[in-house]
Protein chains: 2
Amino acid sequence: MSAASTPEPAGLSRRDELLAIAGGLFAERGFKNTTVRDIADAAGILSGSLYHHFDSKESMVDELLDTFQTELWKQYDAIEASDLTARGKLEAVVRASFEAIGEHRNEVAIFQSDALYLATFERFGYLIERNRKFRTLWTGLLEAGVASGELRADLDIALVYRFLRDTVWVAVRWYRPGGTLTPADVADQYLTILLQGIEKESR
Amino acid sequence: MSAASTPEPAGLSRRDELLAIAGGLFAERGFKNTTVRDIADAAGILSGSLYHHFDSKESMVDELLDTFQTELWKQYDAIEASDLTARGKLEAVVRASFEAIGEHRNEVAIFQSDALYLATFERFGYLIERNRKFRTLWTGLLEAGVASGELRADLDIALVYRFLRDTVWVAVRWYRPGGTLTPADVADQYLTILLQGIEKESR
DNA sequence: GTCTATAGTATGATAGAC
DNA sequence: GTCTATCATACTATAGAC
């Protein structure tokens with residue numbers, strides 16, 4: 001119970017530190033494009049030393065993605081189980097996703113650019129499954145919104161889903177925390193565009 | 001003038017054929033992730049034989065991207081020079097971009113996933129320049145649309161630009177020609193969402 | 001926890017025969 | 001235009017000393 005000989009006395013263990021460094025590089029230049037030497041260099045050690053902490057390069061990205069997705073789904077599940085209306089849930093889910101971009105940029109970026117490639121290995125099969133679950137959740141909310149009359153009925157749901165999904169996650173490519181826009185600001189503007197459009201006088 | 005001994009008697013030269021094969025692989029699994037052996041295998045030859053047609057793997061992707069961008073910009077320039085209103089130009093540019101996704105999926109996909117990496121080499125410096133030109137064009141149209149009263153004035157232009165840019169180009173990830181939706185159909189739906197939103201009763 | 005040293009493999013590219 | 005053969009390099013990963 002005391003801080004006697006725990007591995008993380010102050011905060012980040014060396015292992016977590018290395019994982020964060022790897023995450024930054026994977027996000028910036030891609031998984032395949034980042035060598036174990038790059039990671040070791042950035043950490044100020046030699047590449048062989050990395051293997052004292054991790055089995056393989058794949059293990060690193062696996063741990064990053066899995067941890068992140070587990071956390072994100074806790075939030076999605078809570079929203080889904082809430083008593084908000086369909087539209088309210090949709091907004092909440094969009095906001096939670098932008099928050100995730102703010103707090104876990106690296107993981108989101110890695111998922112965006114490397115998930116398709118990684119999913120070809122059975123080890124990363126969970127990525128495909130989570131993706132399906134994600135589509136089910138979002139599409140379901142859109143359908144419920146149309147059914148409840150909150151959303152217009154003349155649009156192709158599958159297409160709106162892809163539009164929505166892409167607009168949210170692709171923001172990781174340009175969003176940088178610490179600027180003038182908080183994730184909540186971006187979510188507000190995106191939701192305004194998505195819900196009301198950019199046209200001046202409409203309908 | 002006759003078809004006597006021209007290199008492309010029927011249509012695609014062997015070189016173009018190989019370039020198309022490489023483009024498909026680059027688009028599908030990424031530039032770095034595609035080896036020259038992969039390309040040669042897909043073409044039914046050995047990797048060394050590729051170098052009879054091309055200097056390097058980089059030359060291949062360079063030729064694909066440069067050719068495509070030159071063609072696309074011919075269209076953008078024509079739209080910019082037309083006498084459409086700002087909003088009309090914006091719609092035309094969006095439609096032209098979706099057409100490009102329909103006709104040059106590989107090149108768009110490669111640009112989307114590898115341009116950032118490729119741009120780190122001076123050889124691909126033109127990618128950065130074209131990107132800037134692109135932003136200038138689209139942002140200018142948005143500003144003109146606000147000025148003319150066609151578009152609402154309460155949104156952050158830089159953010160709307162990124163929203164628009166990303167939603168258009170990211171569609172290459174899922175759009176497949178030959179399905180029920182033509183590029184024009186997708187452009188229609190996207191423009192409807194973008195201009196009017198998905199909310200039932202708004203404003 | 002990091003280093004030295006290195007194995008084993010994959011990769012981009014070249015030279016010359018056919 | 002393709003093949004055979006191969007080089008030089010870069011990569012992931014391992015074994016054992018410190």
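When the Cα atoms of segment B:95-203 are enclosed in a convex hull and the volume is divided per residue, what value in Å³ results?
Dividing the Cα hull volume of segment B:95-203 by its residues yields 116 Å³.
Sort out for me the Cα centre separation of segment A:11-60 from segment A:148-203, rounded to whole Å.
First find each Cα centre; the distance between them is then 34 Å.
Accessible area lost on pairing A with B, both sides, 1.4 Å probe, Å² to nearest 100?
Details: alone 12090 and 12080 Å², together 19940 Å².
So the buried area, both faces added, is about 4200 Å².
What order, most packed first, do the peptides A:71-79, A:26-34 have when packing is the mean number of other Cβ atoms within 10 Å of each residue? Kindly include the intermediate steps, with their values, before the conclusion.
Details: A:71-79: 15.3, A:26-34: 20.3.
In decreasing order of mean packing, A:71-79, A:26-34 become A:26-34, A:71-79.
Evaluated at 4 °C with a viscosity of 1.567 mPa s, what Stokes-Einstein diffusion coefficient in µm²/s does the protein assembly as shown have when Rh comes from the Kirkwood expression over alpha-carbon pairs? Show your work: numbers first, answer last.
Values: Rh = 23.6 Å.
Rounded to a whole number, D works out at 55 µm²/s.
Kindly tabulate the residues in segment A:17-32 with an accessible-area decrease of at least 20 Å² between the chain alone and the assembly of all protein chains, using a probe of 1.4 Å.
Output list: A:Lys32.
Got a sec? Which residues in segment B:157-188 would a label at A:Thr180 touch, if it sits 7 Å along Cα→Cβ and we count backbone N under 18 Å?
B:157-163
In the protein assembly as shown, what percent of the accessible surface is made up of carbon and sulfur (1.4 Å probe, ligands and nucleic acids excluded)? Present the calculation step by step, with values, prior to reporting the outcome.
Working: 10360 of 19940 Å².
Result for the protein assembly as shown: 52 percent of the exposed heavy-atom area is carbon or sulfur.
Report, for B:Glu122, each distance to the same residue's label point in the other copies, shortest first and in nm; define the point 7 Å along Cα→Cβ.
Once sorted, the set of distances for B:Glu122 reads 4.9 nm.
If DNA, RNA and ligands are ignored and the probe is 1.4 Å, what is the ranking of B:Arg105, A:Arg173 by accessible area, most exposed first?
Values: B:Arg105 70, A:Arg173 100 Å².
From most accessible down to least: A:Arg173, B:Arg105.
To check my understanding: the extent here is largest minus smallest coordinate of the Cα atoms along each principal axis. What are those three numbers for chain B, in Å, largest first?
63, 41, 34
Label position 7 Å from Cα toward Cβ: report the copy-to-copy distances for B:Glu143 in nm, one decimal, ordered from shortest.
Distances between equivalent label points, in nm: 4.5.
Where does segment A:54-117 land on Rg(C-alpha)/(2.2 N^0.38 Å)?
Details: Rg = 13.9 Å, N = 64, 2.2 N^0.38 = 10.7 Å.
With N residues counted in segment A:54-117, Rg over 2.2 N^0.38 Å equals 1.30.
So what is the diffusion coefficient of segment A:1-108 in µm² per second by Stokes-Einstein at 10 °C and 1.306 mPa s, using a Kirkwood Rh over Cα pairs? Numbers along the way, then the final one.
Values: Rh = 15.9 Å.
Estimated via Stokes-Einstein, D reaches 100 µm²/s.
Residue by residue through A:166-173, how many Cβ atoms from other chains fall within 10 Å of the Cβ on average? Don't jump to the answer; show the numbers that get you there.
On the way: counts 8, 8, 1, 2, 9, 4, 0, 5.
Per-residue shielding by partner chains comes out at 5.
Nearest beta-carbon of B to the rotation axis carrying it onto A: which residue, how many whole Å?
B:Gly197, 2
For segment A:48-203, please report how many Lys pairs fall under 28 Å Cα to Cα, leaving out neighbours fewer than 8 apart on the same chain. It would help to have the intermediate numbers written out before the result.
On the way: A:Lys57/A:Lys74; A:Lys57/A:Lys133; A:Lys74/A:Lys89; A:Lys74/A:Lys133; A:Lys89/A:Lys133; A:Lys89/A:Lys200.
Qualifying lysine pairs in segment A:48-203: 6.
Tell me which residues come under 5 Å, amide H to amide H, from A:Ile198 once H is placed; ignore anything under 5 positions away on its chain.
Residues meeting the amide H criterion: B:Leu195, B:Gln196, B:Gly197.
Counting only C-alpha contacts under 8 Å and six or more residues apart, can you give the relative contact order of chain B as a whole percent? Each step should come with its number before you reach the end.
Details: 137 pairs, mean separation 45.9, N = 203.
Taking the mean separation of contacting Cα pairs over the length of chain B, I get 23 percent.
Report relative contact order for segment A:90-172 in percent, whole number only (criteria: Cα-Cα under 8 Å, sequence separation at least 6).
Working: 36 pairs, mean separation 36.9, N = 83.
It rounds to 44 percent for segment A:90-172.
Place the label 7 angstrom along Cα→C-beta at A:Ala81 and in each other copy, then list the distances from the first to the rest in nm, shortest first.
Spacings between copies for this position, smallest first, are 6.2 nm.
The values are calculated or read from the model by the stated rules, or taken from the named source; none is laboratory data. What you are looking at is a predicted structure, and each value in this text was computed from that prediction instead of being measured. All Cβ positions, even for glycine, are placed from backbone atoms using ideal geometry, and neighbour counts span all protein chains on display. Surface areas here come from the heavy atoms of the whole protein model, side chains and all, with no ligands, DNA or RNA. Shrake-Rupley method; radii C 1.70, N 1.55, O 1.52, S 1.80 Å.
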